[in-house]
Amino acid sequence: MSSFGYIFSRLLKKARGSAIAGSVIHRTSKIESGSTIVRSNFDRHSFCGYDCTFIDCDVGAFCSIAGGVVAGGARHPMEYVSTSPVFLAHRDSVTTKFSRHPYRWTTRTTIGHDVWIGERCLIKAGVTIGHGAVVGMGSVVTKDVPPYAIVAGNPARLIRMRFQPHVIEALLKMEWWNLHDEELRRLAPHFPDPERMLRQEGLL
Ligand SMILES: CC(C)(COP(=O)(O)OP(=O)(O)OC[C@H]1O[C@@H](n2cnc3c(N)ncnc32)[C@H](O)[C@@H]1OP(=O)(O)O)[C@@H](O)C(=O)NCCC(=O)NCCS
């Protein structure tokens, strides 16, 4: 394809926009087009790729979310006679209501700070993904993920930890994601070497 064709296609893709409702997206964060964000929050310096769906989620700062990720969403009443929303009280896309039973059909999903979620992952509603965790592409996350764990697969299982326990402990204590941008600029040159950065800051 010519570079003109490429740029034109990219522009068309971006022109779709994103559907955001009842959500707070920090001004330094970015939601790519085709994504639907409902009742969810994105903290600073995070990005959400194309064609994602986040419903009732709290996403931390410095998160990298690839395209096609789905997190949160409704739970239907499996314990009722029917799972259909035509028997439930809340507003939805069905046209008929036979009854209006009150039902708490969403629960919040928490994604910590500095989490990387690979392409096309599914994150079950109610799950907590710890700070610094990585979720491999195409994973189905059904359980909580500990901080700094790398998980992958369906269901997602631990591949390994990103760092040794003493480094993880120090990073969690440091909470670098809460530092001001200026302070982060000072520290950023040392980010390729976590142990050195932590030693320099007196945390190891
Ligand atoms: C999870 C990930 C980060 C691990 O990368 P890595 O450290 O290079 O891992 P390796 O390739 O050494 O794999 C380690 C093991 O995990 C398995 N594995 C890796 N990624 C996996 C995945 N997504 N699903 C299932 N298993 C996976 C490998 O098969 C391997 O298993 P083995 O030990 O039985 O052989 C990487 O595989 C991944 O999924 N990256 C996301 C890429 C992406 O979506 N990018 C989008 C742009 S932001």
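Within the full protein context, the accessible area of TYR6 is estimated at about 130 Å² for a probe radius of 1.4 Å. Expressed in Å, the radius of gyration and Dmax of the Cα atoms of the chain are 19.8, 65.
Taking the Cα atoms only, what angle lies between the long axis of helix 3-15 and the longest principal axis of the chain, rounded to 10 degrees? Approximately 60 degrees, to the nearest 10.
Rolling a 1.4 Å probe over the protein heavy atoms leaves VAL134 with an accessible area of roughly 20 Å².
In terms of accessible area, using a 1.4 Å probe and ignoring ligands and nucleic acids, TRP176, TRP105, TRP116 rank largest first as TRP116, TRP105, TRP176.
Summary value for region 51-126: 45 percent relative contact order, contacts being C-alpha pairs under 8 angstrom separated by 6+ residues. The solvent-accessible area of HIS190, taken with every protein chain present and a 1.4 Å probe, is close to 40 Å².
Against the chain, whose longest principal axis comes from its Cα atoms, helix 165-174 is set at around 80 degrees. Once you reduce region 73-106 and region 132-204 to the center of their Cα atoms, the two points are 39 Å from each other. Heavy-atom accessible area per residue, the chain, 1.4 Å probe: how many Å²? Counting only protein heavy atoms, the per-residue value for the chain is 58 Å². Taking all Cα pairs closer than 8 Å and separated by 6 or more residues, the relative contact order of the chain comes to 11 percent.
The mean of 1/r over all distinct Cα pairs in region 163-204, once inverted, gives the Kirkwood hydrodynamic radius of 10.4 Å.
Dividing the summed helix terms, -39500 (n - 2.57) for each DSSP H run of n ≥ 4, by the number of residues in the chain produces a 222 nm estimate of -5000 deg cm²/dmol to the nearest 500.
The values are calculated or read from the model by the stated rules, or taken from the named source; none is laboratory data. Here the structure is a predicted model, which means the values were calculated and not measured. For accessibility, only protein heavy atoms count, side chains too; no ligands or nucleic acids. Shrake-Rupley method; radii C 1.70, N 1.55, O 1.52, S 1.80 Å.
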